[in-house]
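Input: a single structure, listed below in structure tokens.
The values are calculated or read from the model by the stated rules, or taken from the named source; none is laboratory data. If you're wondering where the values come from, they're calculated on a predicted model, not measured in any experiment. All Cβ positions, even for glycine, are placed from backbone atoms using ideal geometry, and neighbour counts span all protein chains on display.
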Amino acid sequence: MLNVESIIMDRWGGLPNFHKRNSREEWHCGCPARCGGDPSTTDRFVIQFNADSGIITGWCRQCGHTENIFPDGHNTSRMLTSEELAEMREAARIKEEQIREEASERLDYYAGRIDEFHEMSSSHRELWHKHWVADWSMDYYRLGFMPDKTIGKNETGEWIKNEALVIPVWSEHWTLDNVQFRLLNPPNPHDKYRQVSGLPVGLFHTQPDIGLSGTVVVTEGIKKAICLNQVVLSATGELMNIIAIPSSKPPDELILKFNNVERMYLILDPDTRVPTPRGTIQDKVISKFIELNPNLELFPVNIPTKIDDFFYRYGFKFEDFEPYLTKGRPVLRGSADMFSTLKELRGENVRQER
């Protein structure tokens, strides 16, 4: 079996500050080209493995120095010629295009069944009520129920099916970006969600007609966005542009979609604020949002519980929520200002990473 990590360590493990990023399959170290900076602290050389092409690529974020290697079947590797690299990248491009086409066909299949899934019995609607989703939200977003979502095979090769709540992922202008399935009896209680494979989950818009500009509120997870939308509309009768990101670690392509947003109130789950030696998840998310959207004014909204629990489990009202929006200080534009503001917000030292 190919041991990618062993190959990477053999190739680059001797370079200064070599380490693996905990958050993903990515390694960092000092630049092999010695392009400058303190080699004992820099981690500007980024190493990643592309499973589709089979290529391990390392590149320097400062000088652009790039190394591509191709592992063979014996956990050794060799440098690729430019011609070989071009051929392998073209083959990977064709494969990715095929995967996207197949994923698009799967999305069309589920899109054609949205109305079918939405035709729910009272008992199926009660499943949504247990998640604090009102009937009018079910109807507005065409939420549904699927009795037999296929989720894989068991040890004997038989298909495993599971009941699931169906969540169309609506983006701007009611474009269907994906369909999410919340499993009701998952084999692994920590693995509850599925979506159309081969496509990103996308951003969920509670107000698809408004678009992504001006001021937005961002939550972690679609059900939380729907619940917050219910509370705001019931309390004020006004629309709040609430957007759900699929997780606390959204990919760059989703973050870039906020480039026309001027002000963001970011509501992540409390566990994203747990300190680690390398900072908190929330700090990293904020840093990435501002790095990719330099004109964005971002307010972290630190609710002590998950936002849906805040209202529906613990009984707080909208007027209890409003102070969290108004008392927060903005994370200012630019990384230096951002980290100094985070330090004041948390009252603790924050290591500034550049």
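When you check THR272 against the structure, is it modelled with pLDDT of 90 or more, more than 17 Å from VAL216 (Cα to Cα), assigned to a helix (DSSP H, G or I) and of a type in the set (S, T, N, Q), yes or no? The answer is yes for THR272. Right, ASP283: farther than 21 Å from GLU172 by Cα, assigned by TED's automatic domain parsing to the domain that holds TYR312, crowded, with 16+ Cβ neighbours inside 10 Å and not hydroxyl-bearing (Ser, Thr, Tyr) or not? So ASP283 passes the test. Screening the candidates ALA244, ALA225 for the property of being free of Cβ contacts under 8 Å to residues at least 24 places away in the same chain and surrounded by 22 or more Cβ atoms within 10 Å (Cβ to Cβ) yields one hit, ALA225. TRP132 passes every criterion in (1) of a type outside the set (Val, Ile, Thr); (2) assigned to a helix (DSSP H, G or I); (3) on the phi > 0 side of the Ramachandran plot apart from (2). So for the range 216-235 (the condition being in a loop (DSSP other than H, G, I, E, B), modelled with pLDDT of 90 or more and hydroxyl-bearing (Ser, Thr, Tyr)), does at least one residue qualify? So far as the range 216-235 goes, no, none of its residues is in a loop (DSSP other than H, G, I, E, B), modelled with pLDDT of 90 or more and hydroxyl-bearing (Ser, Thr, Tyr).
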